[in-house]
Amino acid sequence: MKKFIIIFLLASLVGFYSANAQDSTKKITTKVKEGAKKVGHKTAEVASKGKNAITDKIYKDKEGPNGETIYIDKHSKYYWIDKKGHKVPISKDKLRNKQ
């Protein structure tokens, strides 16, 4: 009976440690995914801004509501680039003068 109790205690300790290892693995995996997503968004933003600075005109006298750089495309549409690298259209009346 003593052997059975000792084996049971050892098995429960091993199970406890393996459960903790799985939890920490999930936490690390989640952090890596979040970091990769942030890097991907920043890369897309920088690439979009670089491409649009070359292909489209930059509106030098105006800025967006939060100080964003405003671009003008070939169809005279105004837009700015968000943190994910997407073009966000903006109407001319929402533009403000640069300070």
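Residue-by-condition table, conditions (1) loosely packed, with under 15 Cβ neighbours inside 10 Å; (2) small (Gly, Ala, Ser):
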site: Ala47; (1), (2): yes, yes
site: Gly50; (1), (2): yes, yes
site: Gly85; (1), (2): no, yes
site: Pro89; (1), (2): yes, no
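Return the residue satisfying two criteria in turn: it lies in the range 61-77 and is surrounded by 10 or more Cβ atoms within 10 Å (Cβ to Cβ) and of a type in the set (Lys, Arg), and of such residues it is modelled with the highest pLDDT.
Applying the filter and picking the extreme gives Lys77.
The values are calculated or read from the model by the stated rules, or taken from the named source; none is laboratory data. Just so you know, these numbers come straight off a predicted model, no measurement behind them. Because the Cβ atoms are built from the backbone with ideal geometry, glycine has one as well, and the counts that use them run over all protein chains shown.
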